[in-house]
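Derivation of every value follows stated rules applied to the coordinates shown; laboratory data play no part. This structure is a prediction, so every number in the text was calculated from the model and none was measured. In this analysis, Cβ positions are derived from the backbone assuming ideal geometry, glycine residues included, and neighbour counts consider all displayed protein chains.
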Amino acid sequence: MNDHAREAICARVANLLRQERLKQKLSMTRLGERAGLSHQMISYVERKMRIPTLDTMLRITSVLGVNLGELIIKADRAAQNDLK
């Protein structure tokens, strides 16, 4: 996998997490509190300023009730379509 593809997948994951948070009407602060993370970390992840660790991703997806594996697959498919 090249850097461009990897970056596209990471960006899609961040977008999907943000969409799910907004769908559930959770603020970044509330999501952070429930996940044991700072508001700033949630913001960094959503704005693609940080590539989160696996632990951070598991915390966020757990609170959102999203399967991390499925999220990554969805992001990968979307990124592949973007790169065509």
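If you build a Gaussian network model of the chain, linking Cα atoms that sit under 10 Å apart, which residue out of LEU26, LEU54, LEU64 swings the most?
LEU54
For the chain, what does the relative contact order come out to in percent, with C-alpha contacts under 8 Å and a separation of six or more? Present the calculation step by step, with values, prior to reporting the outcome.
Numbers: 69 pairs, mean separation 32.6, N = 84.
For the chain, the relative contact order is 39 percent.
What are the ³J(HN,Hα) couplings of region 35-44, residue after residue, when phi is run through the Karplus curve with 6.51, -1.76, 1.60 and θ = phi - 60°? Round to Hz, x for glycine and proline.
8, x, 10, 7, 4, 4, 5, 4, 4, 4
Between ASN81 and LEU58, what's the calculated FRET efficiency when r is the beta-carbon distance and R0 is 30 Å? Round to 0.05. Walk me through the intermediate numbers first.
Values: r = 26 Å, r/R0 = 0.88.
After rounding, the FRET efficiency stands at 0.70.
Can you tell me the orientation of helix 68-83 relative to the chain, as the angle in degrees between its alpha-carbon axis and the longest Cα principal axis, to the nearest 10?
Its long axis makes an angle of about 40 degrees.
Students often get this wrong, so try it: which of [x] 3, 16, 30, 28, 17, 5, 0; [y] 3, 16, 28, 27, 15, 8, 3, 0; [z] 3, 11, 20, 22, 17, 14, 8, 3, 1, 0 is P(r) over Cα pairs in 5 Å bins from 0, in percent as calculated from the structure shown?
Checking each listed value against the structure points to [y].
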